[in-house]
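For reference, the structure discussed in these notes is given below.
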Amino acid sequence: MLDRLIFRADRMALLGVRLGGAMILFAALMVSADVLTRRLFGVTIGGSDEISGYLFAIATAMALPYTVLSRSNVRIDALYGRLTPRLRAGLDLVALLALGAFALLVVWRAGATVGITWTNGSRAITPLQTPLIVPQLLWYAGWLAFAATVLLMIAAVVRALARGDLAAVQKMAGAMTQDEEVAGETGDLLPLMQTEAH
């Protein structure tokens, strides 16, 4: 069941990061259009800075689950590679626990903010008067997904440690090796290089 949940979290994370990318692209196009219309015609598209700020915050939150599942989060691993696999696995669990504590803290405090916004019916103090509950709920959903993903990963790592499967811990939560990073960065190029070679 845990594997199925992680698989679903991975699919949702991929969807979230793609939606986030689309939001950032839309924000960039909107701001570019605003700059061009202002420069060429002296007319501004109102609210592009406000909307792009919301979109950036939502996109960032939606990318967090994908980041942690793909092990793309920044890790300081100067000594990590020199440690024994068992010690690395223990540190991977500690890192996930710390990340989980952080995610839960953000969810708790952000939940309070969203609750106040909902109760007060808060709107942006801008010409658009955006109901703040809309961007805040979408942003909060990203943080909830992140916290849930980290908790699932913690459960999977604890299960792998209980089974003595250190390779599974490394694959799920360990810092990427240089070979893994190079393969991840060049993976899309390999089919192209193989096609050009023929």
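The values are calculated or read from the model by the stated rules, or taken from the named source; none is laboratory data. Note that the structure is a prediction, hence the values are computed from the model and not measured. Backbone-built Cβ (ideal geometry, glycine too); neighbour counts: all protein chains shown.
Within the range 117-136, the only residue that satisfies the criterion of being touching a residue at least 24 places away in the same chain (Cβ under 8 Å) and either of a type in the set (D, E) or in contact with a Leu (Cβ under 7 Å, 6 or more places away or on another chain) (or both) is A124.
Restricting V114, V35, V106, V17 to those that are at pLDDT below 95 and out of contact with any Lys or Arg (no Cβ under 9 Å at 6 or more places or on another chain) reduces the list to V35. Is at least one residue of the range 37-52 among the hydroxyl-bearing types (S, T, Y), loosely packed, with under 15 Cβ neighbours inside 10 Å and within 27 Å of L132 (Cβ to Cβ)? Scanning the range 37-52, I find at least one residue that is among the hydroxyl-bearing types (S, T, Y), loosely packed, with under 15 Cβ neighbours inside 10 Å and within 27 Å of L132 (Cβ to Cβ), so the answer is yes. Between G47, G90, the distinction of being more than 16 Å from the chain's Cα centre (by Cα) and on the phi > 0 side of the Ramachandran plot belongs to G47 only.
Pairs are defined by a Cβ separation below 7 Å, a sequence spacing of at least 6 or placement on different chains, a first member in the range 58-85 that is on the phi > 0 side of the Ramachandran plot, and a second member that is in a loop (DSSP other than H, G, I, E, B) and aliphatic (A, V, I, L, M); the pairs so defined are R71/M176.
When restricted to residues that are among the acidic types (D, E) and either within 22 Å of A63 (Cα to Cα) or crowded, with 19+ Cβ neighbours inside 10 Å (or both), the range 152-180 contains 1.
Of the residues making up the range 51-95, those that are over 24 Å from E185 (Cβ atoms), of a type in the set (A, V, I, L, M) and modelled with pLDDT of 90 or more are I51, L55, A57, I58, A61, L87, A89, L91, L93, V94. Tell me, yes or no, whether the range 46-55 has at least one residue that is of a type outside the set (S, T, N, Q) and not in a helix (DSSP H, G or I). Scanning the range 46-55, I find at least one residue that is of a type outside the set (S, T, N, Q) and not in a helix (DSSP H, G or I), so the answer is yes.
In this entry, A183 passes the filter for residues that are modelled with pLDDT under 95, surrounded by 12 or more Cβ atoms within 10 Å (Cβ to Cβ) and of a type in the set (A, V, I, L, M, F, W, C).
I'd like the full set of residues that are over 13 Å from the mean Cα position of the chain (by Cα) and among the hydroxyl-bearing types (S, T, Y), limited to the range 126-150.
Residues satisfying the conditions are T126, T130.
Any residue at all in the range 113-130 that is in a strand (DSSP E or B) and at negative phi? Taking every residue of the range 113-130 in turn, at least one turns out to be in a strand (DSSP E or B) and at negative phi.
Residues of the range 130-151 that are surrounded by 19 or more Cβ atoms within 10 Å (Cβ to Cβ) and either within 22 Å of A13 (Cα to Cα) or out of contact with any Ser or Thr (no Cβ under 8 Å at 6 or more places or on another chain) (or both): P135, Q136, W139, Y140, G142, W143, A145, F146, A147, T149, V150.
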